[in-house]
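Chemist: This is the structure, below, for whatever I ask next.
The values are calculated or read from the model by the stated rules, or taken from the named source; none is laboratory data. Since this is a predicted model, take the numbers as computed values, not measurements. Virtual Cβ from ideal backbone geometry, glycine too; neighbours counted across all protein chains shown.
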Amino acid sequence: MTVHLQRGDLLLVIDPQVDFVTGALAVPDAPSVVPAINRYIREFGRCGLPVVATRDWHPPGHVSFRGSGGPWPQHCVQGRPGAEFAAGLALRPDDEVVSKATDADRDAYSAFDHTCLDLLLHGRDVRRLFACGLATDYCVRATVLDALRLGYVVFVLADAIRAVDVHPEDGREAVHEMRAAGAVAIAFPDIDCAVPVDG
């Protein structure tokens, strides 16, 4: 199956941040996701198509932190090194960034949860999302399921996601759930842009 990139497509890069790649909440094998994401960034750039990156942007004492009774170590605190995008990630200066989970008292895995993402996508006439990033079984899963509910066509870039796998098979089950909801799982050789699209 080859998917031809076209006007109305957007690459959504979910939470490729230091704390998830090499830091406080590092996802297994996460460093290998960065070059995989970069391949897609280059391909979307070649086709003149937009890229949006999302990030956890937690205030200190966020409800998800263990110190506040949550399940996770402190991570992706606003303005701190762990919240930066991973070293080597090839985002371009004009790629937009959407911050999520910015309220200290509520957690949010989905990039659509109390953010401007849906409005931004509508403003760009986006119809199809190509989702990649971290982590498969949490923020990727939640974002993809919300995107499908909102009516977007969603492709999950299976070679550019990695799972936490708190429980064995969590990542595999998340991919199955996303596919059952209507997402299509593809990998890099499955996309093509024979004729570059005007931006």
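Chemist: Under 12 Å from the mean Cα position of the chain (by Cα) and farther than 24 Å from PRO31 by Cβ: which single residue out of LEU129, LEU134, LEU120, LEU49 fits that description? Break it down into steps so the answer makes sense when it comes.
Modeler: Values: LEU134 fails: farther than 24 Å from PRO31 by Cβ; LEU120 fails: under 12 Å from the mean Cα position of the chain (by Cα); LEU49 fails: under 12 Å from the mean Cα position of the chain (by Cα).
Unique residue meeting the criteria: LEU129.
Chemist: Okay, next question. Of the residues VAL184, VAL156, only one is of a type outside the set (Gly, Ala, Ser), buried (at least 22 other Cβ atoms within 10 Å of the Cβ) and modelled with pLDDT of 95 or more; which? Can you show your working first?
Modeler: Values: VAL184 fails: buried (at least 22 other Cβ atoms within 10 Å of the Cβ).
The match here is VAL156.
Quick grid of which residues meet (1) among the acidic types (Asp, Glu); (2) in a helix (DSSP H, G or I); (3) surrounded by fewer than 18 Cβ atoms within 10 Å (Cβ to Cβ):
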residue	(1), (2), (3)
PHE130	no, no, no
ARG141	no, yes, no
VAL144	no, yes, no
ALA160	no, no, no
ARG172	no, yes, yes
VAL175	no, yes, no
MET178	no, yes, no
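Chemist: Take the residues in the range 1-32 that are charged (D, E, K, R) and surrounded by fewer than 24 Cβ atoms within 10 Å (Cβ to Cβ); name whichever of them is nearest to ASP118 (Cα to Cα).
Modeler: If we filter the range 1-32 for residues that are charged (D, E, K, R), which is where we start, we get 7, 9, 15, 19, 29.
Cutting the leftovers down to surrounded by fewer than 24 Cβ atoms within 10 Å (Cβ to Cβ) gives us 7, 9, 29.
Working: ARG7: 17, ASP9: 14, ASP29: 30 Å.
If we take residues in the range 1-32 being charged (D, E, K, R) and surrounded by fewer than 24 Cβ atoms within 10 Å (Cβ to Cβ), then ASP9 is nearest to ASP118 (Cα to Cα).
Chemist: Could you please find all residues in the range 133-180 being farther than 20 Å from ILE41 by Cα and either among the polar types (S, T, N, Q) or in contact with a Pro (Cβ under 7 Å, 6 or more places away or on another chain) (or both)?
Modeler: Scanning the range 133-180 gives a single hit, ASP165.
Chemist: Among the residues of the range 56-69, which ones are crowded, with 24+ Cβ neighbours inside 10 Å and either more than 21 Å from the chain's Cα centre (by Cα) or more than 11 Å from ASP105 (Cα to Cα) (or both)?
Modeler: Just the residues of the range 56-69 that are crowded, with 24+ Cβ neighbours inside 10 Å, to begin with: 56, 58, 62.
The one that is crowded, with 24+ Cβ neighbours inside 10 Å and either more than 21 Å from the chain's Cα centre (by Cα) or more than 11 Å from ASP105 (Cα to Cα) (or both): ASP56.
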